[in-house]
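Participant: Mind having a look at this structure? Questions to follow.
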Amino acid sequence: MQEMAIGKQQVPVLGMGTWHMGVGNSGQYQQELASLEYGLNHGLNVIDTAEMYGEGASERLVGDAISKHDRSKIYLISKFYPANAAAADLRNALTNSLQRLGTDYLDLYLLHWRGEVPLSETMSTLQDLQREGLIRDYGVSNFDTADLAEALAVTGGAGIHANEILYNLTARGSEFDLLAANEQAGVATIGYSPFGSGDGKSIVLPASLRELAASKGITEHQLMLAWTIRSGQVLSIPKAGNAKHMAENIAAAAITFTLDELALINKYFPAPDKKTPLAVI
Ligand SMILES: NC(=O)c1ccc[n+]([C@@H]2O[C@H](COP(=O)([O-])OP(=O)(O)OC[C@H]3O[C@@H](n4cnc5c(N)ncnc54)[C@H](OP(=O)(O)O)[C@@H]3O)[C@@H](O)[C@H]2O)c1
């Protein structure tokens, strides 16, 4: 599978999202555990979670999934609430996340979205936590260009290694300027909700693109997912609640598009031709 860099770390361009996981009945829990297990056993070592997801339930599920694996081979991302972005709260939030995950460090710790706490306080606390070895890298999520510039200014233009943003066929605004701004600053782009999210919110493809998927022998979801990672510079983190979906998503990493196919996709989901405020879920 293609790889990209987050800071000094190389990771596959496909990871595993976990929003809404770990909150169902025991049957669903086992299915989700099997899904993450399948991913871990088939080359997906990046897992994205957050203290927000099920108020810790997702982190507990992830902790369960990674408990039988070599921690050093897993790239673990978690995120903290903006309300926990002040120094003491942030330490406390991290301690709780680590406990639920059953680990003593995170590979990447992200501010989930911008809140009221000054970025200078949050960033300096993240730097302390990094020095103490509790997090390997830190970053932000849902930061558009202006917020990113401010965060970079606070850290002296370095230190922030990722920006996790909404990126899918219907949310391409970042292609106008944010993807380039991330890259220029050495900030990896992590793209979330490649299918437009769950609970019936999945992107609906027009007939021509459904036909394109059929002609390539792939599913509509595989088309959507493969498109998000086509550049090799976005780490996409679909959520798959069962091993069948996980296997299909892994197979999507091998799908490529011809220029004609990309042009057809652009016809229905055009690239932005002007600044578009970053969309957020
Ligand atoms: N930083 C942020 O603010 C932020 C915001 C949103 C999401 N995220 C992260 O991004 C991850 C992904 O986003 P998301 O969970 O919103 O939505 P998503 O990955 O776009 O879509 C998830 C939905 O797609 C379905 N699905 C997955 N693989 C499929 C396949 N191969 N075929 C058919 N359906 C498939 C899932 O169903 P099943 O569950 O039945 O497989 C689920 O209903 C989250 O889990 C989270 O980790 C981050």
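Participant: With respect to the numbered conditions (1) touching a residue at least 40 places away in the same chain (Cβ under 8 Å); (2) surrounded by 16 or more Cβ atoms within 10 Å (Cβ to Cβ); (3) touching a helix residue (DSSP H, G or I) at 6+ places or on another chain (Cβ under 9 Å); (4) farther than 26 Å from Gly198 by Cα, which one is the sole condition not fulfilled by Ser35?
Facilitator: Among (1) touching a residue at least 40 places away in the same chain (Cβ under 8 Å); (2) surrounded by 16 or more Cβ atoms within 10 Å (Cβ to Cβ); (3) touching a helix residue (DSSP H, G or I) at 6+ places or on another chain (Cβ under 9 Å); (4) farther than 26 Å from Gly198 by Cα, the lone unmet condition for Ser35 is (4).
Participant: Further question: Which of (1) free of Cβ contacts under 8 Å to residues at least 24 places away in the same chain; (2) in a helix (DSSP H, G or I); (3) within 15 Å of the ligand (Cβ to nearest atom); (4) not acidic (Asp, Glu) does Val204 not meet, given it meets every other one?
Facilitator: Status for Val204: all satisfied but (2).
Participant: Moving on to the next point. Six or more apart or on different chains, Cβ under 7 Å: which pairs go from a residue in segment 61-84 that's charged (D, E, K, R) to one that's in a helix (DSSP H, G or I)? Could you list them?
Facilitator: As it stands, the answer is Asp64/Leu33, since those pairs meet every condition given.
Participant: Ok, one more. Filter segment 65-85 for residues that are in a loop (DSSP other than H, G, I, E, B) and either modelled with pLDDT of 95 or more or among the aliphatic types (A, V, I, L, M) (or both) and give the result.
Facilitator: Ser67, His69, Asp70, Ile74, Tyr81, Ala85
Participant: Of the residues Lys239, Lys244, only one is within 23 Å of Gly39 (Cα to Cα), free of Cβ contacts under 8 Å to residues at least 12 places away in the same chain and near the ligand (Cβ under 8 Å from one of its atoms); which?
Facilitator: Lys244
Participant: Those residues that are without any contact (Cβ under 8 Å) to a residue 12 or more places away in the chain and not in a strand (DSSP E or B), I need them from segment 1-30; list them, please.
Facilitator: Correct list: Lys8, Gly24, Asn25, Ser26, Gly27, Gln30.
Participant: Hey, another quick one. Please find, among Gly157, Gly217, Gly198, the residue that is surrounded by fewer than 18 Cβ atoms within 10 Å (Cβ to Cβ), more than 19 Å from Val13 (Cα to Cα), at pLDDT below 95 and away from the ligand (no atom under 14 Å from the Cβ).
Facilitator: Just a single option satisfies the conditions, and that option is Gly157.
Participant: Please verify whether Tyr38 is more than 12 Å from the ligand (Cβ to nearest atom) and not aliphatic (A, V, I, L, M), treating the condition exactly as stated.
Facilitator: For Tyr38, the condition - more than 12 Å from the ligand (Cβ to nearest atom) and not aliphatic (A, V, I, L, M) - is not met.
Participant: Do any helices (runs of 4 or more DSSP H) lying entirely in segment 86-178 carry at least 3 residues that are in contact (Cβ under 8 Å) with a residue 40 or more places away in the chain, and which ones are they?
Facilitator: 87-101
Participant: Among the numbered criteria (1) at pLDDT 95 or above; (2) surrounded by fewer than 22 Cβ atoms within 10 Å (Cβ to Cβ); (3) within 18 Å of the chain's Cα centre (by Cα); (4) within 15 Å of the ligand (Cβ to nearest atom), which one does Ile190 miss?
Facilitator: Going through (1) at pLDDT 95 or above; (2) surrounded by fewer than 22 Cβ atoms within 10 Å (Cβ to Cβ); (3) within 18 Å of the chain's Cα centre (by Cα); (4) within 15 Å of the ligand (Cβ to nearest atom) one by one, Ile190 breaks only (2).
Participant: So, one more: Give segment 162-187 a look and list any residue that's surrounded by 22 or more Cβ atoms within 10 Å (Cβ to Cβ) and under 13 Å from Phe143 (Cα atoms), or say none.
Facilitator: Matches in segment 162-187: Ala162, Asn163, Glu164, Ile165, Tyr167, Ser174, Leu178, Asn182, Val187.
Participant: I would also like to ask the following. Quick one: in segment 247-266, which of the residues that are within 16 Å of the ligand (Cβ to nearest atom) and of a type in the set (Gly, Ala, Ser) is surrounded by the most Cβ atoms within 10 Å (Cβ to Cβ)?
Facilitator: Taking the candidates together, the pick is Ala252.
Participant: A follow-up question, please. Leu90: closer than 20 Å to Asn45 by Cα and either small (Gly, Ala, Ser) or more than 15 Å from the ligand (Cβ to nearest atom) (or both), yes or no?
Facilitator: No.
The values are calculated or read from the model by the stated rules, or taken from the named source; none is laboratory data. Predicted model, so just to flag it, every value in this text is computed and none were measured. Cβ atoms come from the backbone with ideal geometry, glycine included; neighbour counts cover every protein chain shown.
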